[in-house]
Amino acid sequence: MEERRPEHAFTAVDEQADPSEWIDVLDKVRQEPTYAAYKSRVAELLRPRTGGRYLEVGTGTGEDALALASRFGVEVVGVDVSRTMVEEAKRRGLAEAHVANAEALPFGDVEFDGCWADRTFQHLADPEAALRELVRVTNTGGAIVVVDPDYDTQVVDVADQKLARSVLRFRADHALRNGTLAHQMGGLFIRAGLTEIVMEAATVVLRDPTALDNAMGLRSWAAAAHERGLLQADQVQAWEQMIDDAIAQGHFLYSFTLFITAGIRQ
């Protein structure tokens with residue numbers, strides 16, 4: 001099979017045929033209990049103080065920014081590369097939201113008391129540049145928190161584990177720009193000059209195949225790999241059958257781990 005360069009499955013939302021579909025996806029994902037738990041921990045690690053000003057990079061619909069503002073009595077600004085998402089965040093009540101790249105934030109130095117990015121760095125073209133930008137706009141003593149899934153941690157309960165590893169490696173290495181970056185964020189934080197670094201893990205275990213937006217499309221990953229010349233057609237059929245069998249037999253399981261990294265700007 002021909003080996004190709006990694007593909008980036010997260011196409012810009014605004015370029016989709018129906019960008020509003022991504023709004024529904026984010027709303028569904030936010031309802032997942034495991035996600036609600038880690039989001040609460042992200043807020044705690046941010047150390048928000050009443051009256052402070054905070055930045056969320058990759059704000060999406062703005063729901064997390066609005067929740068932090070309400071819970072801690074702070075001002076939150078959001079940025080997102082998607083105009084669709086920024087408009088939705090404003091519609092939901094986020095007073096200040098900007099269309100911008102994480103690698104080039106439209107703010108002056110030390111404007112914020114803390115910054116965070118949730119499931120954003122996995123998509124970025126230059127994560128180190130983005131982290132430098134977070135450091136630049138954060139005031140001395142402010143916290144920076146980054147959380148992402150690490151697809152090196154994936155497992156799925158199917159009969160052919162060799163094929164499973166091939167499909168899951170596609171997700172890790174080809175479907176995302178930085179699918180395995182999360183467990184390396186501690187090193188990036190150190191190189192960025194951050195201190196008091198904390199790394200925590202939040203494991204997601206899905207037994208319901210319809211949860212987390214149908215397990216993030218798990219059944220379709222083999223077909224996507226085949227389109228890129230990474231799997232054979234018979235492997236696609238085998239993968240889809242194994243997923244269907246696991247569901248029918250009641251032992252469906254897909255799991256991965258998110259890593260939360262926090263540090264303080266000196």
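If the condition is being in a loop (DSSP other than H, G, I, E, B), over 14 Å from the mean Cα position of the chain (by Cα) and under 13 Å from Asp118 (Cβ atoms), then the range 33-60 contributes only Leu46. Taken as a whole, the range 102-115 holds no residue that is under 30 Å from His226 (Cα atoms), surrounded by fewer than 22 Cβ atoms within 10 Å (Cβ to Cβ) and in contact with a helix residue (DSSP H, G or I) (Cβ under 9 Å, 6 or more places away or on another chain).
Of all residues in the range 167-195, those that are over 30 Å from Ile264 (Cβ atoms) and surrounded by 20 or more Cβ atoms within 10 Å (Cβ to Cβ) have Cβ atoms under 6 Å from Cβ atoms of residues that are of a type in the set (A, V, I, L, M) and modelled with pLDDT under 95, 6 or more apart or on another chain, in Ala175/Ala9. Against the conditions (1) buried (at least 23 other Cβ atoms within 10 Å of the Cβ); (2) at positive phi, Ala65 satisfies every one except (2).
Determine the pairs where a residue that is within 19 Å of Trp22 (Cα to Cα) and modelled with pLDDT of 95 or more, located within the range 35-62, has a partner that is among the aliphatic types (A, V, I, L, M) and part of a loop (DSSP other than H, G, I, E, B) with Cβ atoms under 8 Å apart, the partner being 6 or more residues away or on another chain. Note: pairs meeting the criteria are Val57/Ala102; Val57/Leu105; Gly58/Val81; Gly58/Ala102; Thr59/Leu94; Gly62/Leu94. Tallying residues that are over 17 Å from the mean Cα position of the chain (by Cα) and of a type in the set (D, E, K, R) within the range 104-142 yields 6. Residue count for the range 34-51, restricted to those that are farther than 29 Å from Ser255 by Cβ, touching a helix residue (DSSP H, G or I) at 6+ places or on another chain (Cβ under 8 Å) and not charged (D, E, K, R): 2. Highlighted here are the helices (runs of 4 or more DSSP H) found entirely within the range 210-266 that include at least 3 residues which are at pLDDT below 95 and surrounded by 14 or more Cβ atoms within 10 Å (Cβ to Cβ): 211-217. Taking the conditions exactly as written (farther than 20 Å from Asn214 by Cβ and in contact with an Asp or Glu (Cβ under 9 Å, 6 or more places away or on another chain)), does Ala67 satisfy them or not? When the stated conditions are applied, Ala67 does not pass them. Restricted to the range 205-228, and to residues there that are in contact (Cβ under 8 Å) with a residue 40 or more places away in the chain and of a type in the set (Lys, Arg), the residue that is farthest from Ala36 (Cα to Cα) is Arg228.
The values are calculated or read from the model by the stated rules, or taken from the named source; none is laboratory data. A quick note: this is a predicted structure, and the numbers were derived from the prediction, not measured. Because the Cβ atoms are built from the backbone with ideal geometry, glycine has one as well, and the counts that use them run over all protein chains shown.
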